[in-house]
């Protein structure tokens, strides 16, 4: 019992959301001595969902392996390729499969929706007390992960929040895996095609008019639908944030400024073409910038914000690249900490 308590103390001592899954598989590996233990998440839009490995310990592994969040969706296993795992996720109940090794699947449930599946491979089928132990640990896992998610995500839209942006900025720029976690994707495969890191700032045009004309409840619905449009417009590996009010941020990797502009233009067009209930059409202004060596979050954000300001001063409903504006002489390359300067 003391070992169980020690592992639960370690689990609830985590403050990094990524480390919770790592700690979970480590605890179960120590307590049950399985052949392998892994946490898989279901990612992607409905109809095109895949399995993302969050943490896996196999025979002889010391450090859990994982698929980085920036892994291209098409390189991940399809849901149907693991039918037992899929059945556990859909039915939201534990399943066991006899064989060598024996397999046990447990659903991972979040505050908002099913998250994924815990998979245990053991030499002998798990006994009932062992099943109850896993289920009890997962209840604690769910409660604690929910607390961490509440601190990392915007409560209205479910997107990541400003606090998480500040904490994850350098990790995204440097393409580092979460602390204490290895990766199953070789460097040679994941590095060349990622491109450079970019930051985009998205601001809903005339959002105050929506709240004034339709009320704040309808305004909140617009924000919820905006978050949904963002999820469908960007990729699995792109990090989406709500900074508060009508302001959203995207961190992503693209091969060029043209690719980044195309991604943000796709969102702009999707928003402009969407009929928001009781509101009608709304638009967004977008500014984006490449992340530079030595950038602090505030410096990159300022450049994107200056591009958004230019977009709003010149008609709204458009995407503007900070570097392109500077090169064209439409925006000054301000010194750090200076105010916006427009020509």
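Rule-based calculations on the coordinates, nothing more; no lab input. As the structure is a computational prediction, the values presented were derived from the model and not from experiment. For neighbour counting, all protein chains shown are included, and Cβ atoms are generated from backbone atoms with ideal geometry for every residue, glycine included.
Taking 0.36 nm per residue of sequence separation and subtracting the Cα-Cα distance, how much length would be gained by fully extending the chain between residue 62 and residue 211, in nm to one decimal?
That pair, residue 62 and residue 211, stretches by 48.3 nm at full extension.
Can you compute the equivalent ellipsoid semi-axes for region 224-317, i.e. the square root of 5 times each eigenvalue of the Cα gyration tensor, sorted largest first and rounded to whole Å?
22, 15, 13
Please work out the Kirkwood hydrodynamic radius for region 2-152, using every pair of different C-alpha atoms, and report it in angstroms with one decimal place.
This gives a value of 15.7 Å.
I need the shape label for region 32-83. Rule: rounded when a/c is under 1.5, else prolate if a/b > b/c, else oblate, with a, b, c from the alpha carbon gyration tensor.
Working: a/c = 3.03, a/b = 1.85, b/c = 1.63.
Prolate shape, in that a/c is at least 1.5 and a/b is the bigger ratio.
Which values, in whole Å and largest first, are the semi-axes of the equivalent ellipsoid of region 50-139 obtained as the square root of 5 times each eigenvalue of the Cα gyration tensor?
22, 17, 14
Assuming R0 = 41 Å, what is the FRET efficiency of residue 30 and residue 74, from their Cβ-Cβ distance, to the nearest 0.05?
So, using R0 = 41 Å, E works out to roughly 0.70.
In Å, what is the Rg of the alpha-carbon atoms in region 162-327, and how long is Dmax?
Using the Cα atoms of region 162-327, the pair Rg, Dmax is 16.5, 53 Å.
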